[in-house]
Structure formats: structure tokens, C-alpha cells
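Asks: After the C-alpha cells below, expect a handful of questions from me.
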Amino acid sequence: MPIYEYRCNECGRRVTLFWRSFSEVEKTSPRCSFCGGEDLTRLVSRVAVARSEESRLDDLADPSSLAGLDEDDPKSMARWMRKMSREMGEDLGPEFDEVMDRLESGQSPEDIEESMPDLGGELGAEGEF
Ligand SMILES: [Zn+2]
């Protein structure tokens, strides 16, 4: 479940998008969840770790902070994503919390996807869709 951050070139806001897989990122055009614009610039090349101008993210830029992340372990993913959310200081909304709870209870991302059809390929950006 990769996280990418984008800058919308139409409304200038920062947009955080969640994807089911890296291949989906390549296949799908990101869309601004604030204005619907499709002219987005990806702020980071892979998983939304680090490379923000905000210094409090510096420690996350250290590759060793990813050492504990096992993408095949939903609990590990959930732990890591919660940490990311906290470090970014963003409230990713109730859906995010529910997904994290389910991951921590051992459900696979695929199962969660199936039982929460509203999720689509993205969730988490503030504001309306
Ligand atoms: Zn926009």
C-alpha cells in the first residue's frame, strides 16, 4: 500500500494518495482530491517517506527507519503507516484508522479492499472528493 504525495498544479495544494500497489500507481493517473485536477507533480519518488522540506521528517529519510517494515506483514505495515501519519501531522480520517485497525487485526489489504468498496484506490486526503 504505497503512499505518494503530490503537489496539485491547479489549486496548489498538497495531496496525499494511497495506492493498493506500486503497479497501480504506474497505471493510474493521480487526481487532486480537492479540485479534481489531473496536473499533479509527484513530490517523492517512492513511498511518502521523507524528502519533505519539513525537518521533522528528516529521521524518516534515514533508510534504516524502513528496516522494520515488512510489506508482506499487515501488522508491520499498519504500524509503519500510523507512524508516518503521525510524523506528517496529518489526520488521514476514519477510513485510514479503520484500515489500520483491520491490518493490525491480521486482515490482508485485499480483504479490506473487498469489504470497503468505497475506498477505491485512494483515500486519506483531507477535504471532499
Ligand atoms: Zn487541486
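Asks: Output yes when any residue across the range 43-62 is under 17 Å from Cys8 (Cβ atoms), within 16 Å of the ligand (Cβ to nearest atom) and either modelled with pLDDT of 80 or more or in contact with an Asp or Glu (Cβ under 6 Å, 6 or more places away or on another chain) (or both), and no when none is.
Replies: Checked against the condition, which is being under 17 Å from Cys8 (Cβ atoms), within 16 Å of the ligand (Cβ to nearest atom) and either modelled with pLDDT of 80 or more or in contact with an Asp or Glu (Cβ under 6 Å, 6 or more places away or on another chain) (or both), the range 43-62 yields at least one hit.
Asks: Identify the single condition in (1) crowded, with 18+ Cβ neighbours inside 10 Å; (2) modelled with pLDDT of 85 or more; (3) more than 16 Å from the ligand (Cβ to nearest atom) that Leu40 does not satisfy, given that it satisfies every other one.
Replies: Result: Leu40 fails condition (3) only.
Asks: A follow-up question, please. Out of the residues in the range 15-25 that are surrounded by fewer than 16 Cβ atoms within 10 Å (Cβ to Cβ) and modelled with pLDDT of 80 or more, state the one that is nearest to the ligand (Cβ to nearest atom). Full working, then the answer.
Replies: Taking the range 15-25 and keeping what is surrounded by fewer than 16 Cβ atoms within 10 Å (Cβ to Cβ), we get 21-24.
Of the ones still in play, those that are also modelled with pLDDT of 80 or more are 21, 23-24.
Working: Ser21: 24, Ser23: 25, Glu24: 21 Å.
The selected residue is Glu24.
Asks: Restricting the range 80-117 to residues that are basic (Lys, Arg) and crowded, with 16+ Cβ neighbours inside 10 Å, which is modelled with the highest pLDDT? Steps first, please.
Replies: Residues of the range 80-117 that are basic (Lys, Arg), as a first pass: 82-83, 86, 102.
Cutting the leftovers down to crowded, with 16+ Cβ neighbours inside 10 Å gives us 82, 102.
Values: Arg82: 76, Arg102: 85.
Restricting to residues being basic (Lys, Arg) and crowded, with 16+ Cβ neighbours inside 10 Å, the top hit is Arg102.
Asks: Within the set of pairs 6+ apart or on separate chains, which have a first residue in the range 16-30 that is of a type in the set (Gly, Ala, Ser), a second that is loosely packed, with under 14 Cβ neighbours inside 10 Å, and C-beta atoms under 7 Å apart?
Replies: Qualifying pairs under 7 Å: Ser29/Glu38.
Asks: Looking only at the range 4-32, which residues are within 13 Å of the chain's Cα centre (by Cα) and part of a loop (DSSP other than H, G, I, E, B)?
Replies: Within the range 4-32, Trp19, Arg20, Ser21, Pro30 qualify.
The values are calculated or read from the model by the stated rules, or taken from the named source; none is laboratory data. A quick note: this is a predicted structure, and the numbers were derived from the prediction, not measured. Glycine also receives a Cβ, built like all others from the backbone with ideal geometry; neighbour counts cover every protein chain displayed.
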